Amino acid sequence: MIKLRNLLFGALLVFVQAGVRAATDPVDYVSTLVGTHSSYKLSTGNTYPAIALPWGMNFWTPQTGKMGDGWAYTYDADRIRGFKETHQPSPWINDYGQVALMPVTGAPVFDEDKRASWFSHKAETATPYYYKVYLADHDVTTEITPTERAAYFRFTFPDSEHSYVVVDGFDQGSYMKVIPSENKIVGYTTKNSGGVPENFKNYFVMEFSKPFTYTATVSDSTIDTSKLEVKTDHAGAIVGFATRRGEQVLVRVASSFISPEQAEVNLKELGQRSFEEVKQAGRQRWNEVLGRIEVKDDNLDNLRTFYSCLYRSVLFPRSFYEIGADGKPVHYSPYNGQVLPGYMFTDTGFWDTFRCLFPLLNLLYPSVNEKIQAGLVCAYNESGFLPEWASPGHRGCMVGNNSASVVADAYLKGLRGYDIETLWKAVVHGANSVHPTVSSTGRLGYEYYNKLGYVPYDVKINESAARTLEYAYDDWCIYQLGLKLGKSKKELKPFARRALNYRNLFDKTYKLMRGRNQDGSFQSPFNPLKWGDAFTEGNSWHYTWSVFHDPQGLIDLMGGREMFCHMLDSVFSVPPVFDESYYGQVIHEIREMQIMNMGNYAHGNQPIQHMIYLYDYAGEPWKAQYWLRQVMDRMYNAQPDGYCGDEDNGQTSAWYVFSALGFYPVCPGTDQYVLGAPLFKQAVLHLENGKTVTIDAPANSKDNFYVGRLTVDGKDYEKNYLTHSQLLDGARINFEMVAQPNKQRATAPEDAPYSYSRAQGSK
C-alpha cells in the first residue's frame, strides 16, 4: 500500500512538474484577444487576434466584421464570416491584400451574412501560432497555423454530402481560377485602402488535400457552376466534397505581392511538414522571440499582460519582402510598382513607434532592425522620401518627421550593415522638403519652420504646434547622427540651431506650449484644454512635454525644477475636462482620457506616454515610480479590454514592456534609458551579443513600488538612467523596493538624464 501510494505521488509530481514547465513557456502567457473589445467610439486596443509569426508578411484573423470594416474582429461579435489573410495595421488605416476562406455545409452560399456562423469564445483557442474555433451553424471546426508567408488550414467536417469551402477575393477587383486536376485554387485580389501603385495585386495559391466534387466561381454574388475562372469586381470560388464525420480537409495557402510564381515559391515554406509540425515550429519561433525576456513573478496576471504586450511589440513593422527562388530577398515596391532586390518592411506609423517600439528592437532584436533600416534605404531610393506612415506605401496620416529618430537611434545604438550614407541623405532631404502628394511625408510647412523657427498657426497648416515640437526633436536627431558620421560643422549648424525651436512656442504666461502666428503673436483665443487645433490628438497639457531631447531646457523655461514638477502634478490633478470643438465630436482618444480617473493624463495616446519619466529630470523620481505603477496596474491587463486606447502597432505595448522592466527610452537618439521602477521580482534580458542583463527586485509587491536603493553590478548607483552600453556589456541591476518613497536618492541635478541644453553648456 505504501509502495502504491509512493508511486502515485511520484506520478503526480511528474505531472505537476511537466505542467509547470509547459506553463513557463512565454508564448503560453499570451492572449491574442487583448485589445479586441473595441469599437469606433471607444478603443481598448483596436487590435485583432493576429495568427502570425513575428514580423511575418501575412497575418490571418477570424473575421466578424463586414467586408471593408476596419474592425475586422471584435470580441462582442457573435458570428464569424470567414478567416481572412490580413495586412491591416489599424482600423483607421484599414487593410490591403485580403482573401478569406470559410467552410460551410448544407448549401453552397457566398454572401458573407448568409455564410456566417455563430461561435463562442468558450469554443475558441487563440494563440499567436495556432487558432481554433467551432462554427456552430456548419458543425465545422477550423484550425489555422501560419508561417511568414503561408499558412495551413485544417477543417474538421461533419458527416455530409454537401461540405464546401468558400474563397472570397473581396471587391475592388479580384480574380479566381479553380484547377480541379490539381485540387487547387489560384487568383489575386487588389482590394486596398490606399498607398499602392496602379499595378498592385496580392496573388494567392491554395492547395486542398481532397479532390473536388463540386466547383463554382462567383461573379459579384452570382454563383456559376459552369465556369472555372472569373475576373470581376468581386470574385469568389466555391469547392465542395462529401465528408465523413470527423474527416479533416487540409488547405495549404500562400500569397505573394510579386507574382503567381512567387506565391508558389512562398508555399514551399510549409514544405512537406504536417499541420502539427508547422504548428510546433511556430510555437518554437514564438518562444525564441518572446524568450529574449525571461520574467519571474508570483503574479500570473502581470505575466500574462507582459507577454501579451511583448507579442504585440514584435508583430510590426511587418515584412514586405519575399525570398526569391534564388534564396535572396526581393520585394514588390509599394512606392513605384517595380519588383526589386532587397528588404522592405511596412505597416507602421513612426509618429507612434519612434518613441519606444524601435528602441526595443535596437536593444533586444537589433538584427531585425538592421533589415528594417536596409528596407528604409530601398524606400528612399524608390520614392525619394522615407516613410512616416507606411501601409504599404506612403499614407497621409499624423504629423512629424520622425523617420529621423528611427534612423538616428538605430545607428547611434550600434546597428550596422546597411547604407547609412543614403539614409543620411534621406533624413536631410526629408527635413527640407515635403512629398508632392502625401503631405504627412517629409515636413509640411518646412519653409516657415526654417525661416521663422516654427510652423505658424495662421497659415492653414493644421496642428502647427505639434509639427514644430516634433521637427525640433527630429532636427536634434539629425544633428546627433551627423556628429556620429563626422559631418562638417557647416552642414550640422542648422540642425543644431533648430533643435532649440521648441522655445519659440513656449508661453510663459501659461507655462505651456501655444500656437504662434506668422507675425510672432500667440494664437488667440487659447484654451489649454482644447484638443487638436494646434496639436495632434491631444491638447497643450499633453504636447508641452514633447521636448524629448531637452527636458532641462523646458525646466528652465518653466522657472525651475519645483515649478516643473508642479506642472507635472497638475496634469493628474486637473479634472478630465476638454474642448472637442476642433473635431466637432468627442473622439475616442478624448473619451478614453475622460473615463480613466487620472485627471488630464491621456495614456491612451502617444504624446504624453513619456511624461511621467520627466520627474527624474527634476529631482522627484519617486513620483515617477508612483504614477508608473498606477498606469501599469490600472490601464493594462490581459483581458479583451486590456488597453486604454489604440495599441498602435506595438508602441503602447512596448511602453509596458519597458516600464515593467524598470526603464524607458525617453529620448531615442541618446544612449540612455530613464529609470522608473520594475514590476517584477526578476527579469533577465538575453541579448543578441550573448550577454545577459539581470534585473532583481525581490521585495517587489503591490505595496512596495518605490525604489529605496539601487545597485548596478554590486555598487550603489545614484543616477536616474542606465546607458545602452551598460546593458550591452551585461549587467546585474538590483532594485531594493520599499513601501515609502526615498526622497533623497537620485535627486541631485547631476543625477538627471541627458538634456541638450546641459550638453551644450558643458562644451
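Throughout, read-outs are computed from the coordinates displayed, never taken from laboratory work. What you see is a predicted model, and the numbers here were worked out from it, not measured in a lab. Virtual Cβ from ideal backbone geometry, glycine too; neighbours counted across all protein chains shown.
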Worksheet item: Separation between the residue 231 and residue 118 pseudo-spin-labels, each 7 Å from Cα along Cα→Cβ, expressed in nm?
Response: 4.3 nm
Worksheet, complete the sentence: In nm, the gap between the two label points placed 7 Å beyond Cα toward Cβ at residue 248 and residue 739 is 5.4 nm
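Please order 653, 570 by the number of other Cβ within 10 Å, starting at the fewest.
Least crowded to most crowded, the residues run 570, 653.
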Worksheet entry | From phi via Karplus (6.51, -1.76, 1.60), per-residue ³J(HN,Hα) for segment 699-704 in Hz, x at Gly/Pro | 8, 4, 7, 4, 8, 8
Worksheet item: Order of 326-335, 56-65 by packing, highest average Cβ count within 10 Å first?
Response: 56-65, 326-335
Worksheet entry | Full-stretch length increase - residue 339, residue 220 - with 0.36 nm per residue and alpha-carbon distance subtracted | 39.8 nm
Worksheet, complete the sentence: Quick note, segment 47-290: a/c under 1.5 would make it rounded; otherwise a/b > b/c is prolate and the rest oblate (a ≥ b ≥ c, C-alpha gyration tensor); here it is rounded
Discussion item. Place a point 7 Å from Cα of residue 510 in the direction of its Cβ. Which residues in segment 581-603 have their backbone N less than 14 Å from it?
Written reply: 581-582
Item to complete: Just name one of 761, 559, 432: the one whose Cα is farthest towards the positive end of the charge dipole of the chain (beta-carbon charges, Lys/Arg +1, Asp/Glu -1).
Response: 761
Worksheet, complete the sentence: Quick note on 593, 344, ordering by fewest other C-beta atoms within 10 Å, gives 593, 344
Worksheet item: Can you give me the Cα centroid spacing of segment 393-416 and segment 599-673 in angstrom?
Response: 21 Å
Practice prompt. List every residue whose amide H lies under 5 Å from the amide H of residue 96, counting only residues 5 or more places away in sequence or on a different chain, with H placed 1.01 Å from N in the peptide plane.
Written response: 87, 88
Worksheet, complete the sentence: With a Förster distance of 41 angstrom and the Cβ-Cβ distance between residue 268 and residue 729, calculated FRET efficiency to the nearest 0.05 equals 0.50
Worksheet, complete the sentence: Measuring from the longest principal axis of the C-alpha atoms of the chain, the long axis of helix 651-661 (C-alpha) lies at a number of degrees, nearest 10, equal to 70 degrees
Worksheet item: Could you give the distance between the Cα centres of segment 313-331 and segment 186-216, to the whole Å?
Response: 19 Å
Worksheet, complete the sentence: segment 510-538 scanned against label point 7 Å out from residue 582 along Cα→C-beta; backbone N under 16 Å for 512-517, 522-538
Item to complete: Starting with the highest mean, order 685-692, 545-552, 380-387 by the number of other Cβ atoms within 10 Å, averaged over the residues of each peptide.
Response: 545-552, 380-387, 685-692
Practice prompt. Between residue 328 and residue 298, with labels modelled 7 Å along Cα→Cβ, what's the label distance in nm to one decimal, could you check?
Written response: 5.8 nm
Item to complete: Between the alpha-carbon centers of segment 230-266 and segment 120-141, tell me the distance in whole angstrom.
Response: 20 Å
